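**Student:** Okay, here's the structure, questions in a sec.
The values are calculated or read from the model by the stated rules, or taken from the named source; none is laboratory data. Source: prediction; values computed, not measured. Don't worry about glycine lacking a Cβ; one is built from the backbone with ideal geometry, like all the others, and counts go over all protein chains shown. For accessibility, only protein heavy atoms count, side chains too; no ligands or nucleic acids. Shrake-Rupley method; radii C 1.70, N 1.55, O 1.52, S 1.80 Å.
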Amino acid sequence: MFKTARMRKIKIVTLDKYVAPTVDALYEQGLIQISDISDSIQQDPELADLVTPSKATDYTGKLSSLLMKTIGISDLLGRALSQDHGLKDKLMSFVSPDMPIQKEIESLDTESFIKKAEETLDQVESLTKVLEGKFAALDAETSELQSNKSLAKRLINLDMNFALLKDSKYTSITVGRINVESSSEIEKELSKLTDELNLYTVADDNKSTMVVVVVTLKQFKDEVYSILRKHDFEKYEIGDVEGTPQQIISSADSRLQTIESEHNAVIQDLKVVAEKWDDDILALKEQLENEKAKNEIFSAFVQTKDTFMLEAWVPEKDVKKVEQLVEKTSNGHYAFEEISIEGNRDDENVPVLQNNPGYAKPYEFLVDMYSPVRYNEIDPTIFVAIMFPFLFGFCLTDAFYGIFVLLIGVVLVRGMGKIKKSMDAFGKILIMSGIWAIILGLVTNGFLGDFPERMLGIRLPTVIPAIEAFKHPDTILIIAIIIGVIYTNIAFIIGAIDNYRYGNKKEAIGSQLCWFVLEIGVIFLALGFLIPAIGMIGMIIGLIFVIVCIGMLVYANGAYGIMDIFGFMGDILSYARLLALCLATGGIAMTVNILTQMCYGMIPVIGVVIAIIIFIFGHIANFLFQVLGAFINSLRLNYVEFFSQFFMSGKSKFEAFKASRIYTKIKN
């Protein structure tokens, strides 16, 4: 529970004819994490002379090509199936997603699988290629019509058939837009160029510009364009469009409506194909991904003429199971070496497999957000699992808001949590956080702020008067500080254990043990001040402990180590935020209730409507802000005040070499 799973490094050697079935079996079981053995080879010159690095199989390129093609088809079919889905359907897919049905597949060698995959893709492509061609043609036509329509709108005041604006054998026609103030100067410069030129201008909807049409002999085309460009001329390319602007717009609108109907008809045809083939394509995509991974992993091996060798990490409890699997798939033609790493302090590169009970498992998600745990260190997940939801509930302290947090968590677990592990973990975290918010809200008199007493005239029977938030905030503050002291001391104990394990005794003295001495000193000082019977003796003893603490700090960290006292005080006082957030939730909720009551009682007729709006939207806004604040501050107290006292980051989590089996399962 407090330790990550014990790991072992293994080396496996088998004959080349058995390596493929061995890799297949290991991939299906998902017990090992394969390492790139080339690093080990470089550190062992004798072994480097005997073996050569292996490469991905020759099938890898073909599998990649087929996978890309399959992804394209899958995306096409997926879009077709979701085409008519509205907001309601999207919400339902989040709340209650359709669970994929696993398709039974045969266990085939790579060559046979590629042949079968090609046959399936050929069948589907024979249906989709025609429809894709229709989509492409309709999209191209739509783009052209929209371009023509846009041009016609710009030249709407030019009542002329655009067919007349095309260049002829001898003449050139330039159409565009100029600034009104430049028109006279342009006309003057063009007249100097040649007499064989006609200039037409048409008023534009924008009074500062006008449309200009210049007709001239082809030999003057470039000179005309050069003159126009000097005056911010915007040229329009007419192309092959024909008709007046109004005719072009009307024709384009009519054809675009027809295209939309044709487009919908093609989508319906594609949906028929998708309903038949989508499950098969998703299964094929998963198979290709798995097969590609198996063929690529060979690049992490080394080989001789007749053998392959791989290196992997495996949890200690699975070592025998892996060896039995290799023995079975290689018909006994194998060599298996187990390497223990216990007692090796250079363990930061060991992949970490966390070993937490079911309740704490979701909170690995929060710990991993900070950093992977280092192998052989104390895993803090169980502490986070206990404290995070409690701290969240302490920050929120409103039973009604807590109910909504709980319901959101339930929706996530029963919805997207069935498909995504991260959503399942997050949902379970919210459920526990919501439960604590309900409990603490009920005992501190928080239920939509002071709603029961203010609006209904009743008092919650669950309230404990001594810790009622707005009547005894001093008590809430004391509780928050006590929680901070206890949680921080747990962190100091973990940090001291880690430092002693790694031989950093001086670090343990100056970063953890000294604070226990200081706390004892503060307790004696407080007792001497508060209890006359102890009096001066208690204060002297307390002062001695404080001086010893300072000496420990100077010994471990130098003279500047004394400044760490302020850091220690800051870490403890940081837990005062629990009171601040607790009062903020109730205070804003109370303000919303007061405003609601005022609007209802003081504004005639529409006061009821305004009061309802203020009440609903005020509490929604408060709920969103306070839930976000509770989540962030609960994380902060764990990450900054707790983890900073001991946490040693690892480099990676244990990533099993394992087949994805969401849409497929191997036939028995």
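**Student:** Which whole-Hz ³J(HN,Hα) couplings does the range 650-667 yield from phi under the Karplus relation 6.51 cos²θ - 1.76 cosθ + 1.60, θ = phi - 60°, glycine and proline marked x?
**Tutor:** x, 9, 7, 8, 6, 10, 5, 6, 9, 6, 7, 10, 8, 10, 9, 8, 6, 5
**Student:** Given a 1.4 angstrom probe, I'd like the percentage of the accessible area of the chain that is carbon and sulfur, rounded to a whole number. Intermediate values should be presented prior to the final figure.
**Tutor:** Numbers: 21060 of 35320 Å².
It is 60 percent, rounded to a whole number.
**Student:** Another question about this same structure. Taking the Cα centre of the chain as origin, work out the dipole magnitude from +1 charges on Lys and Arg Cβ and -1 charges on Asp and Glu Cβ, in debye rounded to 20.
**Tutor:** On the way: 64 positive and 83 negative charges, 365 e Å.
Computed about the Cα centre, the dipole is about 1760 debye.
**Student:** Mean Kyte-Doolittle of at least 0.0 plus a Cα span of 30 Å or more along the axis: flag which DSSP H helices in the chain meet both, please.
**Tutor:** On the way: long enough: 60-81 (31 Å, 0.67); 110-154 (60 Å, -0.60); 245-296 (62 Å, -0.78); 421-443 (34 Å, 1.45); 473-501 (42 Å, 1.41); 535-557 (33 Å, 2.33); 577-602 (37 Å, 1.24); 607-636 (42 Å, 1.82).
Counting only whole DSSP H runs, the qualifying helices are 60-81, 421-443, 473-501, 535-557, 577-602, 607-636.
**Student:** Quick one: which residues, 5+ away or cross-chain, put their amide H under 5 Å from the amide H of LEU448? H built at 1.01 Å from N.
**Tutor:** For LEU448, whose amide H was placed from the backbone, the distant partners under 5 Å are ALA399, PHE400, TYR401.
**Student:** Which value, in debye to the nearest 20, describes the size of the charge dipole of the range 100-259 about its Cα centre when Lys and Arg Cβ atoms bear +1, Asp and Glu Cβ atoms bear -1, and nothing else is charged?
**Tutor:** For the range 100-259, the charge dipole is close to 680 debye.
**Student:** Moving on. Between [x] 47; [y] 17; [z] 9, which matches percent of Cα pairs over 50 Å apart calculated for the structure shown?
**Tutor:** Matching the structure shown: [x].
**Student:** Could you compute the longest span of the chain free of trypsin sites (Lys or Arg not before Pro) located in DSSP loops and having at most 15 other Cβ atoms within 10 Å, not counting the site residues?
**Tutor:** Numbers: sites that count: LYS55, LYS166, LYS169, LYS207, LYS230, LYS305, ARG345, LYS420, ARG459, LYS471, LYS651, ARG661, LYS667.
Longest stretch, sites excluded: 472-650.
**Student:** Hey, another quick one. Filter LYS11/LYS428; LYS115/LYS321; LYS11/LYS328 down to the pairs with a C-alpha to C-alpha distance above 28 Å, please. Let's see the in-between values first.
**Tutor:** Details: LYS11/LYS428 39 Å; LYS115/LYS321 33 Å; LYS11/LYS328 16 Å.
Where the Cα-Cα span goes over 28 Å, the pairs concerned are LYS11/LYS428; LYS115/LYS321.
**Student:** Counting Lys and Arg as +1 and Asp and Glu as -1, what is the net charge of the other residues whose Cβ lies under 12 Å from the Cβ of LEU66? Before the final figure, lay out each step's value.
**Tutor:** On the way: positive: LYS62, LYS69, LYS115, LYS116, LYS285, LYS292; negative: GLU118, GLU119, ASP122, GLU125, GLU289, GLU291.
Local charge sum for LEU66: 0.
**Student:** So for the pair THR591, GLU106, with labels modelled 7 Å out along Cα→Cβ, what separation do we get in nm?
**Tutor:** For THR591 paired with GLU106, the spin-label model returns 7.1 nm.
**Student:** In nm, what is the difference between 0.36 nm times the number of residues separating ALA559 and VAL605 and their Cα-Cα distance?
**Tutor:** Details: separation 46, 0.36 × 46 = 16.56 nm, distance 7.19 nm.
Taking ALA559 through VAL605 to full extension adds about 9.4 nm, to one decimal.
**Student:** On a C-alpha basis, how far is the centre of the range 454-517 from the centre of the range 276-323 in Å? Whole number, if you could?
**Tutor:** Their Cα centres are 48 Å away from one another.
**Student:** Could you calculate the FRET efficiency of ASP44 with ASN504 from 1/(1 + (r/R0)^6), where r is the beta carbon distance between them and R0 is 30 Å, rounded to 0.05?
**Tutor:** 0.45
**Student:** Continuing with the same structure: In whole angstrom, how long is each semi-axis of the equivalent ellipsoid of the range 229-298, when you take the square root of 5 times every eigenvalue of its Cα gyration tensor and sort them from largest down? Let's see the in-between values first.
**Tutor:** Values: eigenvalues 474, 126, 9 Å².
After diagonalising the Cα gyration tensor, the semi-axes are 49, 25, 7 Å.
**Student:** Dipole size in debye (nearest 20) for the range 550-668 around its Cα centre, Lys and Arg Cβ +1, Asp and Glu Cβ -1? The partial results should precede the final answer.
**Tutor:** On the way: 8 positive and 4 negative charges, 187 e Å.
Charge dipole, the range 550-668, about its Cα centre: 900 debye, nearest 20.
**Student:** Taking the Cβ-Cβ separation of ALA265 and LYS115 as r and a Förster radius of 35 Å, what is the calculated FRET efficiency to the nearest 0.05?
**Tutor:** Details: r = 35 Å, r/R0 = 1.01.
Step by step, r from the Cβ atoms, then E = 0.50.
**Student:** Here's a follow-up. With a cut-off of 20 Å, note down the residues of the range 139-161 whose backbone N falls inside the zone around a label point 7 Å from the Cα of ALA203 toward its beta carbon.
**Tutor:** 153-160
**Student:** Past 28 Å, Cα to Cα: identify those pairs from LYS69/LYS103; LYS285/LYS320; LYS69/LYS667; LYS88/LYS421; LYS361/LYS505; LYS17/LYS116, in the order given. Mind dumping the intermediate values first?
**Tutor:** Working: LYS69/LYS103 20 Å; LYS285/LYS320 33 Å; LYS69/LYS667 26 Å; LYS88/LYS421 24 Å; LYS361/LYS505 32 Å; LYS17/LYS116 23 Å.
Too far apart for the 28 Å limit: LYS285/LYS320; LYS361/LYS505.
**Student:** Give me, ordered by chain and number, the residues 5 or more places off ARG8 or on other chains with an amide H under 5 Å from its own placed amide H.
**Tutor:** Excluding prolines and chain starts, which carry no amide H, the hits are VAL314, GLU316.
**Student:** Could you provide, to the nearest whole Å², the per residue accessible area of the chain with probe 1.4 Å?
**Tutor:** On the way: 35320 Å² over 668 residues.
Accessible area per residue, the chain: 53 Å².
**Student:** At ASP36 and ILE544, where each label point lies 7 Å from the Cα along Cα→Cβ, what is the point-to-point distance in nanometres?
**Tutor:** Going by the 7 Å Cα→Cβ label model, 6.1 nm.
**Student:** Another question about this same structure. For the range 150-220 and the range 352-421, what is the separation of their C-alpha centers, rounded to whole Å?
**Tutor:** When both Cα centres are located, 70 Å separates them.
**Student:** If r is the Cβ-Cβ distance from ARG414 to ILE71 and R0 is 35 Å, what FRET efficiency results, to the nearest 0.05? Kindly include the intermediate steps, with their values, before the conclusion.
**Tutor:** Details: r = 30 Å, r/R0 = 0.85.
Once the sixth-power term is evaluated, E becomes 0.75.
**Student:** I would also like to ask the following. Can you tell which of LEU67, PHE113, VAL373 lies farthest toward the positive end of the dipole of the chain, using +1 and -1 charges on the Cβ of basic and acidic side chains (Lys, Arg; Asp, Glu)?
**Tutor:** VAL373
**Student:** Something else now. Taking amide hydrogens as modeled 1.01 Å from N in the peptide plane, which residues meet the under 5 Å criterion relative to LYS653, leaving out close sequence neighbours?
**Tutor:** Residues meeting the criterion, in which the H sits 1.01 Å from N, are VAL352.
**Student:** Around LEU412, under 9 Å between beta carbons, what's the net of Lys plus Arg minus Asp minus Glu among the other residues? Kindly include the intermediate steps, with their values, before the conclusion.
**Tutor:** Values: positive: ARG414, LYS428; negative: ASP424.
Neighbourhood net charge equals +1.
**Student:** Below 9 angstrom from the Cβ of SER299, what's the summed charge of the other residues (Lys, Arg +1; Asp, Glu -1)? Could you put the intermediate results ahead of the total?
**Tutor:** Numbers: positive: LYS55; negative: ASP36, GLU296.
Residues near SER299 contribute -1 overall.
**Student:** Quickly estimate the mean residue ellipticity at 222 nm for the chain, helices only: each DSSP H run with n ≥ 4 gives -39500 (n - 2.57), and the total goes over all residues, rounded to 500. Walk me through the numbers on the way to the answer.
**Tutor:** Details: 21 runs with 385 residues, N = 668.
It lands at -19500 deg cm²/dmol.
**Student:** For the pair ASP159 and LYS88, how long in nm is the line joining their label points, each one 7 Å along Cα→Cβ?
**Tutor:** 5.1
**Student:** Give a quick list of GluC sites (Glu not before Pro) in the range 65-154 that DSSP marks as loop, anything other than H, G, I, E or B, with at most 11 other Cβ atoms within 10 Å. Intermediate values should be presented prior to the final figure.
**Tutor:** Working: sites: GLU104, GLU106, GLU111, GLU118, GLU119, GLU125, GLU132, GLU141, GLU144; in loops: GLU106.
Loop-located and lightly packed - GLU106.
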